[in-house]
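K.L.:
Sharing a structure, written as structure tokens. Questions coming.
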Amino acid sequence: MKKQSNLSRLMGYAGNHKYLSWASWVLSAVSALLALVPYWYIWRIMQEVLAVAPDFSKAQHLTQNGWMAVLLAVIAVLVYIAGLMCSHLGAFRIATNLRIAVMEHIVKLPLGAAEAFGSGKLRKIVNESSAATETYLAHQLPDRAGAIATPCGLLVLLFMFDWRLGLLSLVPVLLGFLIMMTMTGARMQQKMKEYQNALDDMSNEAVEYVRGIPVVKTFGQTIFSFKKFKGSIDRYQKWVIAYTKELRAPMLFYTAAINGVFVFLIAGALIFIRNGVTAEFLLNLIFYIIITPIISVTLTKIMFQSENAMIVEDALQRIDSVLELEPLKETGCAQSPKDGTVELEHIRFSYDGEKDVLKDITLTIPAGETVAFVGPSGGGKTTLANVIARFFDPQGGRVKIGGVDARDIAKEKLMDTVSFVFQNSRLIKASILENVRMGKPDATREEVMQALQNAQCADIIEKLPNGVDTVIGAKGVYLSGGEQQRIAIARVMLKNAPIVILDEATAFADPDNESKVQAAFSNLSKGKTVIMIAHRLSTVMNADKIYVIKDGTIVQSGTGRELLEQDGIFSSMWNNYQTSVQWKVSREG
């Protein structure tokens, strides 16, 4: 099957606006041809001046020809502006529809897949890759139509007056094209991809670094945290310098070639006037000297259009990398869960398709119970929670929610059934009221206020200038990590989902905030199935059941008291935990 061209793909997003894009190309070509006509009037002016010299009073048509040149130049500009208006309307519609298509696909993706992609990289693809197509369609394609029409018109003009000078004018064109070919092609396409990869890497690391600043400050890891970000900058710098040095010589020769047309014209003129200078030859020489700079401008446009075509090619490949991600599969026979029971049957999961992160995990969490996942870092606790929330689908086994296979539950219903509180909950730049109301868009103000009260957020609301209507991030209004967690808990409370997953939700809270977050958890947990992931073992000792997970398998399970009575990982972790909380900083003096 023949691969669809990039232009055809983009036109597929244009709808009826594709006719505007086509019109822009026609108008741009017409404008380019009209812009050449004034040069003919300039030639007529020079012809008349040379014919009547030195008695210039005999020149009768200078004013008429001059105004005709101006009029046609103005008409060419107006036609070009009309073409740009059409191209921009079409480009905006295409870029908008492209962004909508990508965002609609992202919404259908498993949340884990989007997270693994990288938020900085994803944002850059949605915003900048679609913007690259907009620039290409709004400016580059109309200019390409003009760049194609201009040489056609130039060929007529160049050979109309003196074919010998016309041929000499084309020599730098040939040299410019030959040099341009060394700077374009498949190799340059690869270079453009490497350039965009370096930008993506730097953008992603920048976003992650900025988001991690609170954690960095907490643990004093400034230098180490900056290492990855600085590494991405250094790689970008190294690539750009090498790329610039590589193209330095061909770009130098290209610039010299396309701007050296006068050298060929003057050299040819010296040869042609060996038998004397005629007024006609002088007229034609002056005319060619005036008109040939158009060749340089046209060639430069063509070169940059080739570069932008490669940028668009790369942008579409990056957009495809998102569109090709598999969305959540639904069976089409949507069912509703009966209660908050969670059942895992022989769950196996791998991120890369090779090494299993979860290995044959089977467990049942009855509705209304609180369970905890604990164990060494990297053991699979968060991955297991992600599989329960269907951020990922397992490669083996199945997850049942309320007696129904999670794949048979409509995505919207599943999101209403399971709530997730992350260790670094994120709030949008909006009021506290709007942030909480995201959990239940049709909630009344009174319901939001009650949720905030139950989440221990009264002290937060009281200190804000506009209370619950204060916009986070506006006029220097920011919340601490623990305060953001309580607002996020209020959102989950308002949502009132029967299953709640808490992933290290107090990891970075200070002692005062932690006690309030724990109180909010107590209110949140009433009547809910709660799954907790925690390193602070004191927060999970009262759970109905604790599962110890190591290397993707459940190695121990039971209540906190039962696990402490056994020799195993949990008792060892508990002893280490008790030792760490008793550490004190002493000072001798």
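The values are calculated or read from the model by the stated rules, or taken from the named source; none is laboratory data. On a predicted model such as this, the values are computed, not experimentally measured, just so you know. Cβ placement follows ideal geometry from the backbone for every residue including glycine, while neighbour counts extend to all protein chains displayed.
K.L.:
Any idea which of Ala520, Ala490 is farther than 19 Å from Pro366 by Cβ and modelled with pLDDT under 85?
P.N.:
The unique qualifying residue is Ala520.
K.L.:
Can I ask one more? What is the one condition in (1) out of contact with any Leu (no Cβ under 8 Å at 6 or more places or on another chain); (2) under 30 Å from Arg536 (Cβ atoms); (3) of a type outside the set (S, T, N, Q); (4) not in a helix (DSSP H, G or I) that Ala385 does not satisfy?
P.N.:
Among (1) out of contact with any Leu (no Cβ under 8 Å at 6 or more places or on another chain); (2) under 30 Å from Arg536 (Cβ atoms); (3) of a type outside the set (S, T, N, Q); (4) not in a helix (DSSP H, G or I), the lone unmet condition for Ala385 is (4).
Okay, residues lined up against (1) at pLDDT below 80; (2) surrounded by 14 or more Cβ atoms within 10 Å (Cβ to Cβ); (3) more than 20 Å from Thr292 (Cα to Cα):
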site: Phe224; (1), (2), (3): yes, no, yes
site: Phe229; (1), (2), (3): yes, yes, yes
site: Trp239; (1), (2), (3): yes, yes, yes
site: Leu252; (1), (2), (3): no, no, no
site: Thr255; (1), (2), (3): yes, yes, no
site: Asn259; (1), (2), (3): yes, yes, no
site: Ala267; (1), (2), (3): yes, no, no
site: Val277; (1), (2), (3): yes, no, yes
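K.L.:
Shifting gears a bit: Can we say Ser419 is surrounded by 22 or more Cβ atoms within 10 Å (Cβ to Cβ), of a type in the set (S, T, N, Q), under 30 Å from Asn542 (Cβ atoms) and at pLDDT below 90?
P.N.:
yes
K.L.:
Given the options Ile100, Ile75, name the one that is modelled with pLDDT under 90, under 45 Å from the mean Cα position of the chain (by Cα) and part of a helix (DSSP H, G or I).
P.N.:
Only one candidate qualifies: Ile100.
K.L.:
Let me ask something additional. Taking the range 454-495 as the region of interest, how many residues are under 13 Å from Phe521 (Cα atoms) and in a loop (DSSP other than H, G, I, E, B)?
P.N.:
3
K.L.:
Separate question: Between a first residue in the range 515-544 that is assigned by TED's automatic domain parsing to the domain that holds Cys457 and a second residue that is part of a helix (DSSP H, G or I) and among the aromatic types (Phe, Trp, Tyr), which pairs have beta carbons less than 6 Å apart while being 6 or more apart in sequence or on different chains?
P.N.:
Going by the 6 Å Cβ cut-off, the qualifying pairs are Leu537/Trp574; Leu537/Tyr577.
K.L.:
Could you please find all residues in the range 429-451 being without any contact (Cβ under 8 Å) to a residue 40 or more places away in the chain and aliphatic (A, V, I, L, M)?
P.N.:
Correct list: Leu433, Met449.
K.L.:
Please work out which residue is surrounded by the fewest Cβ atoms within 10 Å (Cβ to Cβ), limiting yourself to the range 398-410 and to residues that are aliphatic (A, V, I, L, M) and closer than 16 Å to Pro327 by Cβ.
P.N.:
Ala410
K.L.:
Quick one: in the range 313-356, of everything that is aliphatic (A, V, I, L, M) and within 22 Å of Lys545 (Cα to Cα), which residue is surrounded by the fewest Cβ atoms within 10 Å (Cβ to Cβ)?
P.N.:
The qualifying residue surrounded by the fewest Cβ atoms within 10 Å (Cβ to Cβ) is Leu344.
K.L.:
Can you give me the number of residues within the range 171-189 that are at pLDDT 75 or above and surrounded by 15 or more Cβ atoms within 10 Å (Cβ to Cβ)?
P.N.:
Matching residues across the range 171-189 total 4.
K.L.:
Looking at the range 357-397, which of its residues are more than 29 Å from Trp574 (Cβ to Cβ) and surrounded by fewer than 16 Cβ atoms within 10 Å (Cβ to Cβ)?
P.N.:
Passing the criteria: Gln395, Gly396.
K.L.:
Looking at Tyr13, is it surrounded by 17 or more Cβ atoms within 10 Å (Cβ to Cβ), hydroxyl-bearing (Ser, Thr, Tyr) and in a helix (DSSP H, G or I)?
P.N.:
Criteria not met by Tyr13.
K.L.:
Starting from the range 546-570, keep only residues that are farther than 16 Å from Ile361 by Cα, then list their pairs with residues that are of a type in the set (Ser, Thr, Tyr) whose Cβ atoms are within a distance under 9 Å, requiring at least 6 positions of separation or different chains.
P.N.:
From residues that are farther than 16 Å from Ile361 by Cα, the pairs are Leu563/Ser557; Leu563/Ser571; Leu564/Ser571; Glu565/Ser571.
K.L.:
So, in the range 542-566, how many residues would count as being assigned to a loop (DSSP other than H, G, I, E, B) and modelled with pLDDT of 85 or more?
P.N.:
7
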